[in-house]
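The values are calculated or read from the model by the stated rules, or taken from the named source; none is laboratory data. These numbers come from a predicted model, not from an experiment. Cβ placement follows ideal geometry from the backbone for every residue including glycine, while neighbour counts extend to all protein chains displayed. Accessible surface areas use protein heavy atoms only, side chains included; no ligands, DNA or RNA. Shrake-Rupley method; radii C 1.70, N 1.55, O 1.52, S 1.80 Å.
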Amino acid sequence: MKDKKLGLPSAIATGVGLILATSCLLVIGQGTGEIGNSFMFSMIIALFFNMFTALSVSELDSLMPQLTGGLAQYTLVGLGPFISVLTMVGGYVVGMTVFGSLEGTMFGRTMDMLFPSLNIPLPIYGIVLMTVIVILNCRGVDMFAKVQNFVAYALIISLIVMGFIGCIHMGRGDIIEQDRTLSASFPQVMGLVGTAFYMFVGCEFVVPLSPFVKKPNRTIPLGMIGSLVVVFVMQLFCVFGFTNYVSYADLATNGSPHMLYGIAILGEYGRYWMGIVSILAVISTANTVINSLGYLLSGMARINMVPAFFSKKNKRGAPYIGILTIGIAMTVLVIASLVAEDLLNFFLKVASVFWIVVYLVLHIDVIILRFRMPKVPRNFKVPGGLLIPVLGIIGDVIMIYGIDNNMSVRLKVYVTLLVSFVILGVYSYFWVKYLMRKPLFKPVPIREVMAMEHEKYYKYHERYGIRLRLNIEKVNDTISEKGGDS
């Protein structure tokens, strides 16, 4: 396993795998339906903001290379345990699990649309999907890459071909007569940047694979940037193709605009082709979420941010407990169908803002560590000094503000986030203070965090560090009982 390394195509496939989801096709339809082809400007702005994040993550990865906890460990060094637990356990692990389960739910609905005569209960589709993906990922990162490469590149080719057919007017349906000029105002474009952000989120899931890729200082940044560019090209084809064959009204209101588009350009063949594209997107997303969160939890366990058993691996090197936990959680959510179809867009916006907050914190990590550790060697450094991280923070704030053009929806999103962060803040406080037993906001030294990646450190810490701490507490308790001064 140690001799086998993944190349740039696998890194790009991983990034594309999480970015592309059936919900992204829904966002394309909604954004295009609202302001037409001008939505591409919202996409371009969101693309650059996400590229800024990719560059910041790449610098952090070069500063602390091959850490399977990735984003959690960066923030542990930058801002301390409390912020790290708050953003990673709450806004990232929980949020991504919910996001992946939504894709599983949509998988069941897509299958039911394609094969209604089978009369198979929808949860069965989700259970089978999650079971297969969990088994494959427990066979190790090589099996994950094989599945991911096939699914992601089949998805890339399908969307480019389908989009290109629509762009050059080769579809069977009639061309829709509607305004295709780039006439949207600047506020309208900026008002959808937060929505467009969701179409590019997730490229940083390449980072947990850092220990398994060739030349990580080159492959990690290129993998993230490459996945963003590939996805942008595909989605741009879809925007122009959609506007030729589907009315703006249908794009904005229909829950499956990509299916309408497939039928319009290729009839029943297009319906099944787009159905297959949807299935590939769901498999790709669920596969990436389960695998990457499994490795992320393993890394977080090494630094005592989650229970230690998440660090256990099977003989193939897969963090099977984390993979099983995420897979089971996603399966339960799929079965329970906790998110109603009419609330899907709202919860996607909430999940997006959670993700934006994590990205904002990463930019802050880069800035803080530049000042605190200016001479520590970095194989990759964000060009332009602190300009890109600062622009990234500004962009994240803009996207949070522009998460929806409707102020009432925006306020509901903010209230939901406020309540969520209060609950997560209470959890983080007790976990850090009483289980990690660390100062809430004191950064952990970088050498200690990197040493935690080694199994011997973890065993030594568990055997001697905790025993010593317990002995000290026992002595203090004894002194206190005797009336002494501890």
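I'd like the full set of residues that are of a type in the set (Val, Ile, Thr) and over 21 Å from Ser158 (Cβ atoms), limited to segment 202-233.
Selection gives Val206, Val207, Val213, Thr219, Ile220, Ile225.
Condition first: assigned to a helix (DSSP H, G or I) and either farther than 25 Å from Val366 by Cβ or in contact with an Asp or Glu (Cβ under 6 Å, 6 or more places away or on another chain) (or both). Now tell me which residues in segment 428-444 satisfy that.
The answer is Tyr429, Phe430, Trp431, Lys433, Tyr434, Leu435.
Return the residue satisfying two criteria in turn: it lies in segment 383-405 and is at pLDDT below 90 and open to solvent by less than 30 Å² (accessible area, probe 1.4 Å), and of such residues it is farthest from Met64 (Cα to Cα).
For segment 383-405, the residue satisfying everything is Asp404.
Of the residues in segment 74-113, how many are more than 18 Å from the chain's Cα centre (by Cα), small (Gly, Ala, Ser) and either surrounded by 24 or more Cβ atoms within 10 Å (Cβ to Cβ) or in a helix (DSSP H, G or I) (or both)?
2
Please name all residue pairs, on different chains or six or more residues apart, with Cβ atoms under 8 Å, provided the first residue is in segment 365-391 and is farther than 17 Å from Pro443 by Cβ and the second residue is open to solvent by less than 80 Å² (accessible area, probe 1.4 Å) and basic (Lys, Arg).
Leu386/Arg370
Out of Leu260, Leu192, which single residue is at pLDDT 85 or above and either within 30 Å of Val350 (Cα to Cα) or out of contact with any helix residue (DSSP H, G or I) (no Cβ under 7 Å at 6 or more places or on another chain) (or both)?
When all the criteria are applied, what remains is Leu192.
Among the candidates Gly36, Gly29, single out the residue that is buried (at least 24 other Cβ atoms within 10 Å of the Cβ) and in a helix (DSSP H, G or I).
Unique residue meeting the criteria: Gly29.
Given Val231, Val201, which one is aliphatic (A, V, I, L, M), at pLDDT below 85, crowded, with 19+ Cβ neighbours inside 10 Å and under 25 Å from Gly7 (Cβ atoms)?
Val201
Which residues, counting only those in segment 260-292, are open to solvent by 10 Å² or more (accessible area, probe 1.4 Å) and either under 25 Å from the mean Cα position of the chain (by Cα) or closer than 20 Å to Leu192 by Cβ (or both)?
Ile276, Ile279, Leu280, Ile283, listed by residue number.
Restricting segment 156-170 to residues that are in a helix (DSSP H, G or I) and open to solvent by 80 Å² or more (accessible area, probe 1.4 Å), which is nearest to Thr285 (Cα to Cα)?
Step by step, filter segment 156-170, then rank; the result is Ile157.
Of the conditions (1) part of a helix (DSSP H, G or I); (2) more than 22 Å from Leu86 (Cα to Cα), Gly384 satisfies every one except a single condition; which number is it?
Among (1) part of a helix (DSSP H, G or I); (2) more than 22 Å from Leu86 (Cα to Cα), Gly384 violates only (1).
Any residue at all in segment 114-122 that is among the polar types (S, T, N, Q), open to solvent by 30 Å² or more (accessible area, probe 1.4 Å) and part of a helix (DSSP H, G or I)?
Within segment 114-122, one or more residues are among the polar types (S, T, N, Q), open to solvent by 30 Å² or more (accessible area, probe 1.4 Å) and part of a helix (DSSP H, G or I).
Are there any pairs, at least 6 apart or on different chains, whose C-beta atoms fall under 8 Å, with the first in segment 410-423 and open to solvent by 50 Å² or more (accessible area, probe 1.4 Å) and the second modelled with pLDDT of 85 or more, and if so, which?
That search, which allows pairs on different chains as well, returns Phe421/Leu86.
May I ask you to say which residue of Ser185, Ser284, Ser210, Ser278 is among the polar types (S, T, N, Q) and at pLDDT 85 or above?
Ser185 is the lone residue from the list that is among the polar types (S, T, N, Q) and at pLDDT 85 or above.
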